[in-house]
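Report on the following structure.
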Amino acid sequence: MSKITTFKSDNLLINIYNNRKEMGYAAARDIASKIKELLSHKDEINMVFAAAPSQDEFLEELTKIQGIQWHRINAFHLDEYIGLPEDAPQRFGRYLYERIFSKVPFKTVNYLNGNAEDIKTECERYGKLIKDNPIDIACIGIGENGHIAFNDPHVADFHDRLTVKKVNLDMKCRLQQVHDGCFTKLEDVPEYALTMTVPAIFSAEFIFCIVPGKNKAVAVKSAVESPISEKCPASILRKHSNAVLYLDEDSASDLNIVGN
């Protein structure tokens, strides 16, 4: 798949494609290759997935690729709303079930429960799962406010001691859920969620970040070109030794390298 360009910002490799379909295809192919490489010398691996419309093309393509030994992969997800009904279509566990968890035969699928009776206990339970099964591959996105998972700027902590925590979502994050068509109005978007913390995501051996769309252009520019800080949580990806950012022409449109 042809790229518009490839370049680096600090350690972060950035690949830009003509459109989101080509971007998703390329990300899926690269991730499939990494899965096969890791399984050539490990008995099993652990993967974590983001749940958002930005991941649609990538996940669709990944499930089509032949030769992946899914039965040797444990699956996790990054975050989940607190308090949505079990049958709500916006639940991230449901999104991932429909797009990948039900389509390929994972060894295990580990859901984060936003309706647990004791949220603190649920954070500890899922955090222990992550610690006991270190993440090999994290497939993530970037939010309009620069978040990774639900680590919005006001709650992101690059030195967080927790692995999973409860957070309140900022207004820009909640509005994004309306912009994405996941909710009809702001009042319907939950105010709280569970999320893997920034250090938990950063601990993954390999990070693949898939970010299409014009509405992500400002956040992408901040992540790639602004100082590395919690003001744009995704900027931390530039310090990771094995992170790749996949963009389409729209999400890359504000970058200086594109404008030059």
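Of the strands (runs of 3 or more DSSP E) that lie entirely inside region 78-168, those containing 3 or more residues that are open to solvent by 10 Å² or more (accessible area, probe 1.4 Å) span 108-110, 164-168.
Only one entry of Lys231, Lys172, Lys221 meets the criterion of being outside any loop (DSSP other than H, G, I, E, B), of a type in the set (D, E, K, R) and at pLDDT 95 or above, and that entry is Lys221.
Determine if region 34-49 includes at least one residue that is touching a residue at least 40 places away in the same chain (Cβ under 8 Å), of a type in the set (Asp, Glu) and in a loop (DSSP other than H, G, I, E, B). Yes.
Which is under 24 Å from Glu57 (Cα atoms), open to solvent by 10 Å² or more (accessible area, probe 1.4 Å), at pLDDT 95 or above and not aromatic (Phe, Trp, Tyr), of Asn215, Asn242? On inspection, the qualifying residue turns out to be Asn242. For region 19-54, the set of residues classified as among the charged types (D, E, K, R) and within 21 Å of Arg99 (Cα to Cα) consists of Arg20, Lys21, Glu22, Arg29, Asp30, Lys34, Lys36, listed by residue number. If we scan region 156-168, do we find a residue that is over 16 Å from the mean Cα position of the chain (by Cα) and within 18 Å of Ala219 (Cα to Cα)? So far as region 156-168 goes, yes, one or more of its residues are over 16 Å from the mean Cα position of the chain (by Cα) and within 18 Å of Ala219 (Cα to Cα).
Listed here are the residues, each with its yes/no results for (1) over 17 Å from the mean Cα position of the chain (by Cα); (2) over 19 Å from Glu205 (Cβ atoms).
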residue: Phe49; (1), (2): no, no
residue: Lys64; (1), (2): yes, yes
residue: Tyr81; (1), (2): no, yes
residue: Gly93; (1), (2): no, yes
residue: Thr108; (1), (2): yes, no
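Beta carbons closer than 8 Å, at least 6 apart along the sequence or on distinct chains, pair a first residue in region 122-133 that is at pLDDT 95 or above with a second that is buried (at least 17 other Cβ atoms within 10 Å of the Cβ) and in a helix (DSSP H, G or I) for Gly127/Ala200; Ile130/Ala200. Take the conditions (1) out of contact with any strand residue (DSSP E or B) (no Cβ under 8 Å at 6 or more places or on another chain); (2) more than 30 Å from Lys221 (Cβ to Cβ); Arg29 misses just one of them, which is (2).
Residues that are open to solvent by 20 Å² or more (accessible area, probe 1.4 Å) and either basic (Lys, Arg) or in contact (Cβ under 8 Å) with a residue 40 or more places away in the chain (or both) within region 169-183 comprise Lys172, Arg174, Asp180, Gly181, Cys182, listed in sequence order.
Within region 208-253, the set of residues being in contact with a Phe, Trp or Tyr (Cβ under 7 Å, 6 or more places away or on another chain) and farther than 18 Å from Tyr17 by Cβ comprises Glu230, Ile236, His240, Asn242. Could you tell me whether region 58-67 includes any residue that is hydrophobic (A, V, I, L, M, F, W, C), crowded, with 16+ Cβ neighbours inside 10 Å and part of a strand (DSSP E or B)? No: zero hits.
The values are calculated or read from the model by the stated rules, or taken from the named source; none is laboratory data. Being a predicted model, the structure only gives us computed values, none of them experimental. Every residue, glycine among them, receives a Cβ derived from its backbone with ideal geometry; neighbour counts consider all protein chains shown. Heavy atoms of the whole protein, side chains included, go into the accessibility calculation; ligands, DNA and RNA do not. Shrake-Rupley method; radii C 1.70, N 1.55, O 1.52, S 1.80 Å.
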